Structure formats: C-alpha cells, structure tokens
Amino acid sequence: MNDKFNIVPLSGWTRAENKPLVIAGPCSAEGEEQVLETVTQIVKHCGDKVHMIRAGIWKPRTRPNSFEGVGEIGLPWLKNAGIAVGLPVCVEVANPEHVEAALKAGIDVLWIGARTTVSPFNVQAIADALKGIDIPVLIKNPVNPDLELWVGAVERLNAVGIDKLAVIHRGFSSYQKSIYRNPPMWEIPIELRRRYPQIPIIVDPSHMGGTRDLIYVLAQQGMDMGFDGLMIESHIQPDKAWSDAKQQVTPGRLAEILNSLIVRQPEVGQDEFQPLHELRARVDRIDAYIIELLCERMGLSEEIGEFKKNAHLAVHQAERWRQIVQRALEKGKNGGLTEEFILKLFQQVHNESIFHQTKVMEK
Ligand code: PEP
Ligand code: MN
C-alpha cells in the first residue's frame, strides 16, 4: 500500500453520503436556457441522486471545424444554474487561462480532460496555476492506456497542495474497431485501486460507450468494481446536442439508469472479492474482443461475397466449409471445448456469414 498521496476522501468535500457520487450534465453548454433547463430537469427527475453538475465550456475536439465550446461566456450560465438548484458545478480546464476564468466565475470543481492528461507540460501548467488554491480537481485518464501518466497527473496536482482529488475513468482510445468508443480496459483502474486505494475513482460510461445503449451496462460494471462515482452526460434534447449527441441521455432516462443501478459496498470484504472483480474484468474484455473479431470476420465475408459475385461463384462451398469446421473441432478439442459446442457455434457463424455474403450479392 502506498500512502504518499495526501487525499481527502469524497465524503469530506462532496454531498454524496452514499455511493455513488453522481456528476451529470450536458457534454457542452450551448446556451443559457439549455443549461438551466437541463440542470432543472436533472434535479427534477433524479432528486438527490445527483450531487454535482457538469458542462463543457471549452471543448477539445479531435478535428477542427467542429463545435469547440461557447467559451467563457458560458461560465456564468453554469454557475447560475448550479445556484438555482443548489448544486456545485464543474468544468473542464485545459490550460492556466481556463483555470483563471473558471476561478473568477466561481466554478466549484475543475476537471482535466483526457487529451490534457496525456501532456505533462499542460498538467504541470494547470497545477502551477492552482498552487495555493483550495479547489477540488478531477483527473480523467489519458486517452492512451498509460497508468503511470495518469498517476503522474495526480502527483503533480497533489504536489501543489490540491488534496480534494479524484480520478475519472473514461476508457482508452484504441485503433482496433470496437463496440466501445473508448474501451474500458477495467484492469487499468483496478490496478490503480490496488496501488492507491485512497484515490477515489469516478466512472464515465458516456465517453466509454459512445452510445446511449451502453451507458447503463458500463455504469453497473463500474459499480460492480466497487468504484466510487459516475459522470454521465445528460441533455434535454440529446439528438440535437452540439457535441456527443449519440451518447447523451435525457434527464428522465438518467433517473431510470440511476434507479436501476445495484450499488455494491466494497467496504465489506473488498479484499476477498478483488480477485473475482479482476477475473470478471478479464472475462468482459475477452467478450468484447469476441464481438469485435466476429464483426471483423463478417466484414471479410462481405468482401468474399463481392469477389464471388464478380467471379460467378456460389456462396456456399461445401468442401471449404468442411475444412473450417474440422480445423475448429481439432483446435477446440485441444483447448478442452466440447464437439457439440464447436459445431453449434460454427453453425451460427456460418449462418451469419452466408447472410452477409448474400446481402452483398443481392445488391
Ligand atoms: C467531456 O467530458 O466532454 C470530454 C471531452 O471528455 P474526455 O476528456 O473524456 O474525452
Ligand atoms: Mn462529451
């Protein structure tokens, strides 16, 4: 166990008496009314299950020419909406100018975004701007799966005296095609928890999943790991959002998600269950890979379909299929899988593959 960090527990600076601490709000502040209406609706639907409001003011976008945030003008919109519902508000800061503007506007909590955590220069510049100031800071993981870089950012902030600290796990970007926008790679925050149990971990299923449908499952997985909080993007009209439209949920849906979560109490026997969490995290990762590989396989089937179409070949080539099944049976048997399972599995794979090939041929 490492005790070099001096960190105040969440209960010392947030109103979340029980887990999880919930931060909600739109990806971006778009207008004064949108912010106020979203925040009002969130509190109306979720009541005291939400403890803090978020909104992006400066948006770090991958490509230029997309909406880059309303800028400073949005700070009072957010602050006033927070006052109206009696909740603290947080924004992303990426440089000392953002820090200064946010502090001047009375923003309660700051967060460092994933694209900023990757840069020690930027993180240090933010830390220097915060020296001697008592404000909580949340640190998103870097976009790349590098635990040391993440821990380094916590160290830099803690070293200038910021002790109300938590990290946000928002998944890691990956070049491989995936069902997730940013695959969770749960083993990384689990390792962080193992090494530094005093650092609170908040899970951001919105940026992990990238689509509305995945929010609940990922939030529950975060609770299953025994993590401490959730940051979820919510918008009054998600489809019309100026950024991250696909992953935002309405305040009503947010309430449904929060009400259906099963919250695990890791205080009870946390150490005992840790191996179980780790094993499940590995299983979840493998399951995600299986799906990714199947998607890739079906993509190849379509290319084959295209080729067969042009060469006037039949979709089903019996001999080729017999060989595929034979190889799978042998490989599976060596790994301890039953013949029945392999046959069933490959029958389904074959059906799906034929479906994809004929789709191309019929075009
Ligand atoms: C965000 O929270 O809207 C955001 C930009 O997130 P991230 O830094 O995780 O990409
Ligand atoms: Mn976003």
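The values are calculated or read from the model by the stated rules, or taken from the named source; none is laboratory data. Worth saying up front: this structure is predicted, and the values here are computed from it rather than measured. Note that we place each Cβ from the backbone using ideal geometry, even for glycine, and neighbour counts take in every protein chain shown. Just so you know, the surface numbers come from the protein's heavy atoms only, side chains and all, with ligands and any DNA or RNA stripped out. Shrake-Rupley method; radii C 1.70, N 1.55, O 1.52, S 1.80 Å.
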What order do you get for 82-88, 272-278, 222-228 when each peptide is scored by the mean count of other beta carbon atoms within 10 Å, highest first?
-> 222-228, 82-88, 272-278
Work from the charge dipole of the chain (Cβ charges, +1 for Lys and Arg, -1 for Asp and Glu, about the Cα centre) and give the residue of Met185, Gly31, Asn259 farthest towards its positive end.
-> Met185
Against the longest principal axis of the chain, how steep is helix 251-260, in degrees 0 to 90 to the nearest 10, with axes from Cα atoms?
-> 70 degrees
Whole-number percent relative contact order across segment 274-361, with pairs defined as alpha carbons under 8 Å at least 6 apart = 44 percent
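Where does each of Tyr289, Tyr180, Tyr196 land when they are ordered by accessible area, with a 1.4 Å probe and the largest first? Show your work: numbers first, answer last.
Working: Tyr289 80, Tyr180 40, Tyr196 15 Å².
Output order, biggest surface exposure first: Tyr289, Tyr180, Tyr196.
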Please label the shape of segment 218-295 as rounded, prolate or oblate, based on the square roots a ≥ b ≥ c of the eigenvalues of the alpha-carbon gyration tensor (a/c under 1.5 means rounded; beyond that, a/b larger than b/c means prolate, else oblate).
-> oblate
Whole-Å distance linking the alpha carbon centroid of segment 144-178 with that of segment 53-84 is 22 Å
With charges set only on the Cβ (+1 for Lys and Arg, -1 for Asp and Glu), what does the dipole of the chain come to about its Cα centre, in debye to the nearest 20?
-> 740 debye
Ignoring ligands, DNA and RNA, what percent of the 1.4 Å accessible area of segment 213-363 is carbon and sulfur?
-> 58 percent
GNM on the chain, Cα springs under 10 Å; top mean-square fluctuation among Met298, Met185, Met231 goes to Met298
Note on segment 274-361: alpha-carbon gyration tensor, axes a ≥ b ≥ c; rule is a/c under 1.5 for rounded, else prolate if a/b larger than b/c, else oblate; result oblate
Between Gln176, Gln237, Gln326, find the one with the highest GNM mean-square fluctuation for the chain; connect C-alpha pairs within less than 10 Å.
-> Gln326
Kindly report the accessible area of segment 4-145 per residue (heavy atoms of protein chains, probe 1.4 Å, no ligands, DNA or RNA), in Å².
-> 43 Å²
Segment 341-355 versus segment 259-319: alpha-carbon centroid distance in Å = 15 Å
Roll a 1.4 Å probe over the protein chains and send me the accessible area per residue for segment 274-361 in Å².
-> 72 Å²
Compare the peptides 167-174, 329-336, 240-247 by average per-residue count of other Cβ atoms within 10 angstrom and give them in order, highest first.
-> 167-174, 240-247, 329-336
Mean separation of Cα contacts under 8 Å, 6 or more apart, over the residue count of segment 21-260: relative contact order % = 20 percent
Residues with beta-carbon under 11 Å from that of Val8, excluding Val8: net charge, scoring Lys, Arg +1 and Asp, Glu -1?
-> -1
